[in-house]
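The values are calculated or read from the model by the stated rules, or taken from the named source; none is laboratory data. Computed from a predicted model, the values in this text were never measured in an experiment. Here the Cβ is made from the backbone with ideal geometry for all residues, glycine too, and neighbour counts use every protein chain on show. All accessible areas refer to the heavy atoms of the entire protein, side chains included, with ligands and DNA or RNA removed. Shrake-Rupley method; radii C 1.70, N 1.55, O 1.52, S 1.80 Å.
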Amino acid sequence: MTYFKKYPDEKGYYGQFGGSYVTPELQKEMDKINQAYFSISKSHEFISELRNIRTHFQGRPTPVYFCKNFSELLGGRVYLKREDLNFTGSHKLNHCMGEALLAKYMGKKKILAETGAGQHGVALATAAAYFGLECEIYMGEVDIAKQHPNVMRMKLLGAKVIPVTHGLKTLKEAVDAAFEAYLKDPVNSLYCIGSVLGPHPFPLMVRDFQRVIGIEAREQFFDMTGELPDAVTACVGGGSNAMGIFTGFLNDEDTELIGVEPGGRSMKVGDHAASLCCGTLGIMHGFKTYMLQDEKGDPQPVYSIASGLDYPGSGPEHCMLKDLGRVRYTTINDEECLDAFYKLSRTEGIIPALESAHAVAFAMKYAKANPKKSILVNLSGRGDKDVDFVLENFGLRE
């Protein structure tokens with residue numbers, strides 16, 4: 001049995017992780033989505049339409065790029081999978097167009113979701129405009145202030161952006177609010193989760209839609225170099241971009257896979273969001289995962305300079321891959337992230353999203369330590385959205 005037929009199992013488990021921990025009423029809707037996904041997504045019509053969208057609307061395939069200047073500065077060989085060139089500026093459109101297409105085939109009238117950095121929100125608003133669907137985006141007030149350009153883009157695209165004002169007013173609270181809104185009308189709406197998270201079948205669906213990254217990257221890298229990369233790395237919040245690229249290399253034992261979590265300001269509670277490195281087994285948002293939790297099992301406060309990474313859990317498949325030892329998870333702190341943000345911008349003319357800059361920062365360390373090896377970074381998003389925030393708070397560093 002192949003990996004993708006084995007995981008998840010029929011109940012949505014990746015080993016002990018995942019599943020569906022929701023109310024009986026919501027489970028009925030999850031079952032409908034699961035059934036629709038497995039029937040519709042295998043049809044020639046659905047696959048053909050999605051491929052057409054990816055080619056003519058999204059601009060796929062995105063290229064693999066060798067960072068000549070960056071590599072000469074560091075040593076080693078650093079390559080980027082340029083998901084920042086994806087239409088809307090990140091990998092998020094890969095699953096948003098797929099989920100919106102599924103909503104259309106299911107006869108839904110509205111799609112809704114949470115967003116942190118705004119990349120998922122922009123992508124879903126774009127998909128809604130494309131398919132003529134209503135769209136609601138829930139976003140924490142803290143993130144709205146940090147990601148003003150993306151908020152304006154969502155509104156311009158016709159989405160209703162709803163501020164979330166409780167708790168820490170960031171990504172976790174936005175997920176809570178979006179789930180509550182979805183429960184009010186699950187018949188006419190579809191909740192389009194923004195990562196490989198949530199109750200089954202969402203981790204499966206998002207992974208499947210994001211697999212295009214890994215499929216492209218493996219072939220492109222081999223065509224460029226005649227070999228596979230020694231290492232592949234990606235940032236991990238919920239983990240959609242990482243699962244997307246990792247899936248292309250899971251069977252290549254000589255390629256090391258490294259997921260990079262946000263180390264934030266410190267490794268103290270409330271100063272980071274490294275759930276895979278520091279979390280324990282728990283249940284949140286309808287699935288079982290490694291999460292940062294208090295003694296009562298409630299999510300702890302989390303933080304990251306990158307709004308898209310400040311989530312107290314991770315995708316269940318990442319949890320399983322950690323336990324299996326196939327993927328190594330580590331952390332990068334805010335200062336290391338910022339250093340990578342500036343260095344890639346100035347050596348290659350590529351401004352990375354702060355989320356992606358965590359993976360770039362790890363690649364910098366890897367390249368210095370391994371001058372004869374190659375590392376492929378999933379550059380999951382571009383940093384246009386972060387420029388104002390970075391310059392206002394940290395200035396133009398030399």
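Observations, loosely collected:
- Checking 313, 395, 381, 308 one by one, the residue that is out of contact with any Pro (no Cβ under 7 Å at 6 or more places or on another chain) and without any contact (Cβ under 8 Å) to a residue 12 or more places away in the chain is 395 and no other.
- For the range 342-398, filtering for residues that are out of contact with any helix residue (DSSP H, G or I) (no Cβ under 8 Å at 6 or more places or on another chain) and either at positive phi or of a type in the set (Phe, Trp, Tyr) (or both) leaves 5.
- Where residue 268 falls short, out of the listed (1) within 25 Å of residue 62 (Cβ to Cβ); (2) out of contact with any Phe, Trp or Tyr (no Cβ under 9 Å at 6 or more places or on another chain); (3) open to solvent by 50 Å² or more (accessible area, probe 1.4 Å); (4) of a type in the set (D, E, K, R): (1)
- Residue check for residue 360: of a type in the set (Val, Ile, Thr) and either farther than 21 Å from residue 240 by Cβ or assigned to a helix (DSSP H, G or I) (or both): yes
- Taking the range 55-98 as the range and being farther than 21 Å from residue 384 by Cα, of a type outside the set (S, T, N, Q), part of a helix (DSSP H, G or I) and open to solvent by 10 Å² or more (accessible area, probe 1.4 Å) as the test, the residues that pass are 56, 68, 72, 73, 74.
- Among the conditions (1) within 19 Å of residue 238 (Cα to Cα); (2) surrounded by fewer than 15 Cβ atoms within 10 Å (Cβ to Cβ), residue 143 misses just one, which is (2).
- The residue that is least open to solvent (accessible area, probe 1.4 Å), counting only those in the range 187-225 that are of a type in the set (Asp, Glu) and farther than 12 Å from residue 91 by Cβ, is 208.
- Residues (in a loop (DSSP other than H, G, I, E, B) and open to solvent by 20 Å² or more (accessible area, probe 1.4 Å)) located in the range 363-387: 370, 371, 372, 373
- Filtering the range 300-333 to residues that are of a type in the set (Ser, Thr, Tyr) and open to solvent by 10 Å² or more (accessible area, probe 1.4 Å) leaves 303, 329, 330, 331.
- Out of 204, 197, 190, sole residue that is part of a strand (DSSP E or B) and either under 19 Å from the mean Cα position of the chain (by Cα) or at pLDDT 90 or above (or both): 190
- Matching residues in the range 10-48 - criterion: being of a type outside the set (Ser, Thr, Tyr), assigned to a loop (DSSP other than H, G, I, E, B) and surrounded by 15 or more Cβ atoms within 10 Å (Cβ to Cβ): 12, 15, 19, 22
- Pairs are defined by a Cβ separation below 6 Å, a sequence spacing of at least 6 or placement on different chains, a first member in the range 18-30 that is under 14 Å from residue 187 (Cβ atoms), and a second member that is of a type outside the set (Lys, Arg); the pairs so defined are 29/186; 30/20; 30/199.
- Single residue of the range 161-176 satisfying the filter (of a type in the set (Val, Ile, Thr) and in a strand (DSSP E or B)) that is surrounded by the most Cβ atoms within 10 Å (Cβ to Cβ): 164
- When each of 170, 115 is tested for being over 28 Å from residue 61 (Cβ atoms) and modelled with pLDDT under 95, the lone residue that passes is 170.
- For the range 342-352, a residue qualifies if it is more than 20 Å from residue 66 (Cβ to Cβ) and assigned to a loop (DSSP other than H, G, I, E, B), but none of them does.
- Contacts under 7 angstrom Cβ, first residue in the range 238-267 being among the hydroxyl-bearing types (Ser, Thr, Tyr), partner crowded, with 18+ Cβ neighbours inside 10 Å and part of a strand (DSSP E or B), 6 or more apart: 255/231; 255/232
- Selection count where residues are out of contact with any Pro (no Cβ under 8 Å at 6 or more places or on another chain) and in contact (Cβ under 8 Å) with a residue 12 or more places away in the chain, scope the range 213-224: 6
- Residue count for the range 99-126, restricted to those that are in contact (Cβ under 8 Å) with a residue 40 or more places away in the chain, in a helix (DSSP H, G or I) and either under 16 Å from residue 383 (Cα atoms) or open to solvent by less than 30 Å² (accessible area, probe 1.4 Å) (or both): 9.
- Residue list for the range 375-398, restricted to those being modelled with pLDDT under 95 and basic (Lys, Arg): 385, 397
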